[in-house]
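**Student:** Pasting in a structure now, in structure tokens, and then I'll have a few things to ask.
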There are 2 protein chains.
Amino acid sequence: METTIRYQPIGIIRTPFENIGGMPIQPHGAATTEGVIELEPDLLPGLKDIEGFSHLILIYHLHKVKGHKLYVVPFMDDKPHGIFATRAPVRPNPIGMSIVKLKSVEGNLVRFVGADMLDGTPLIDIKPFFNQFDNRPDAVSGWLDEKKNQEILKIKSDNRFDTNKNPGINRCK
Amino acid sequence: METTIRYQPIGIIRTPFENIGGMPIQPHGAATTEGVIELEPDLLPGLKDIEGFSHLILIYHLHKVKGHKLYVVPFMDDKPHGIFATRAPVRPNPIGMSIVKLKSVEGNLVRFVGADMLDGTPLIDIKPFFNQFDNRPDAVSGWLDEKKNQEILKIKSDNRFDTNKNPGINRCK
């Protein structure tokens, strides 16, 4: 198998959430919650023309997660599913993805709406959301399709994935 | 700034593409191109219930990219843009994301359609595409909105991001 993959954070995400409990579980549940990306100043030129996009894909490190689980009962169901059939944070590689709404760019500060991550989250990448590439309106969403959309928007995180209290398996070498 | 983030590949992606030249630039341009995920056997339980999803989000390491650029002329335009306003591979952290169509799961082999990555690509994460969360049909896509969709589907990769021939900046410590 390949050797370890190493990334350096490109910045830090500031949000109102210091703890996992009570955090929205997806940007749709955080429709008015603002976050700010503090981009590393040397990467500032990389933001050129980003203001033309309404939505950004943020890829970030779930820095508070320790270890992983292969079966989880996600927030939106009461049955266990394989970790790769959920968006639960206790993944073999704790990497998060959120599609957020761009609000403004001021120097190296990128303000957005839809913050569903912890304050201090290390950011790995920003990708523009491309209308032509990233929508799949005909997608079938397995167990989640049985849930009502209105219910999903109301759900907040609890502490079930707090790996300080409930540690997972550690694959790190 | 945070210390280095370390991930272990969860598997390898097999595709027909041994070289960057001629590769489709997005899953939409690879509508009939099949790929296979060879998942690490110890992670097999994590696939439970994944067959219920029509689309998967693959997050992977762009293992052939060496160094990055802050301004790039992407395949779909003739003007330079900031790297974070494009999907070009020469990113500060060379991480790729593709939304692919799930075909079948046979043990630890996950077959999909929409392969737009190199053969041997280390896979970092598989997330289910959630219809309710991941579509943004009203998104505005900056410079890309000016391009015609038909043109985009025909574009193939050339060697402009081959960092063996044209090295980028290296931030790795």
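No lab work stands behind these numbers, since they all come straight from the coordinates. Predicted model, so just to flag it, every value in this text is computed and none were measured. All Cβ positions, even for glycine, are placed from backbone atoms using ideal geometry, and neighbour counts span all protein chains on display.
**Student:** Only four residue types carry charge here, +1 at the Cβ of Lys and Arg and -1 at the Cβ of Asp and Glu. Report the dipole size of the protein assembly as shown about the Cα centre in Debye, rounded to the nearest 20.
**Tutor:** Charge dipole, the protein assembly as shown, about its Cα centre: 520 debye, nearest 20.
**Student:** Right, next: Using modelled backbone amide H atoms (1.01 Å from N, in-plane), which distant-in-sequence or interchain residues come within less than 5 Å of B:His55's amide H?
**Tutor:** Correct list: A:Val140, B:Leu102, B:Phe129.
**Student:** Also, quick follow-up: Quick check on the protein assembly as shown: what are the equivalent-ellipsoid semi-axes from the Cα gyration tensor, as sqrt(5λ), descending, whole Å? Display every interim value, and only then the final one.
**Tutor:** Values: eigenvalues 151, 112, 85 Å².
For the protein assembly as shown, the ellipsoid semi-axes come out as 28, 24, 21 Å.
**Student:** Per residue of region B:121-138, what does 6.51 cos²θ - 1.76 cosθ + 1.60 with θ = phi - 60° give for ³J(HN,Hα)? Whole Hz please, x for Gly and Pro, Karplus curve as stated.
**Tutor:** For region B:121-138, the Karplus curve yields 5, x, 8, 9, 7, 10, 10, x, 7, 9, 3, 5, 10, 9, 8, 9, x, 8 Hz.
**Student:** What gaps in nm, shortest first, separate A:Pro167 from its twins in the other copies when you place the label 7 Å past Cα toward the beta carbon?
**Tutor:** Sorted ascending, the copy-to-copy spacings read 4.2 nm.
**Student:** Could you check which residue among B:Leu153, B:Leu56, B:Leu47 shows the biggest mean-square fluctuation in a GNM of chain B with a 10 Å Cα cutoff?
**Tutor:** Result for chain B, Cα springs under 10 Å: B:Leu47 fluctuates most.
**Student:** Dividing the Cα convex hull volume of region A:78-158 by residue count, how many Å³ per residue is that?
**Tutor:** On the way: hull volume 12.8 nm³, N = 81.
Given the Cα convex hull of region A:78-158, per-residue volume reads 158 Å³.
**Student:** Can you give the average number of partner chain beta-carbon atoms within 10 Å of each beta-carbon in peptide A:53-62, as a whole number?
**Tutor:** Average neighbour count from other chains, rounded to a whole number: 4.
**Student:** Place the label 7 angstrom along Cα→C-beta at A:Glu18 and in each other copy, then list the distances from the first to the rest in nm, shortest first.
**Tutor:** 5.7
**Student:** So what does the Cα-only Debye profile of chain B read at q = 0.08, 0.10, 0.14 Å⁻¹, as log10 I(q)/I(0), no solvent term?
**Tutor:** With no solvent term, the Cα-only Debye profile gives -0.26, -0.41, -0.82.
**Student:** A further question on this structure: Let me know the mean shielding of B:119-125 by other chains, meaning the per-residue number of their Cβ atoms within 10 Å of its Cβ.
**Tutor:** 4
**Student:** Taking A:Asn108 in one copy and the same position in all the others, each labelled 7 Å out along Cα→Cβ, what are the pairwise distances from the first, in nm, shortest first?
**Tutor:** Taking the point 7 Å beyond Cα along Cα→Cβ, the inter-copy spacings are 4.2 nm.
**Student:** Restricting to DSSP H runs of at least four residues, report the calculated mean residue ellipticity at 222 nm for the protein assembly as shown, -39500 (n - 2.57) per run over all residues, nearest 500 deg cm²/dmol.
**Tutor:** Calculated at 222 nm, the ellipticity per residue is -1000 deg cm²/dmol.
**Student:** While we're here: With the crude spin-label approximation of a point 7 Å out along Cα→Cβ, what separation in nm comes out for A:Asp77 versus B:Glu106?
**Tutor:** Each label point lies 7 Å from its Cα, and together they span 2.5 nm.
**Student:** Taking the Cα centre of region A:11-154 as the origin and placing charges on Cβ (Lys, Arg +1; Asp, Glu -1), which of A:Val72, A:Gly107, A:Pro137 is farthest toward the positive end of the dipole?
**Tutor:** A:Val72
**Student:** Summarise the partner chain shielding of A:41-47 as one whole number: the mean count of Cβ atoms from other chains within 10 Å of each residue's Cβ. Provide the component values of the computation, followed by the final result.
**Tutor:** Working: counts 0, 4, 8, 2, 7, 13, 6.
If you average over the peptide's residues, the count of other-chain Cβ atoms is 6.
**Student:** Okay, moving on. Magnitude of the Cβ-charge dipole of region A:11-154, K/R +1 and D/E -1, about the Cα centre, nearest 20 debye?
**Tutor:** Here the size comes out at about 360 debye.
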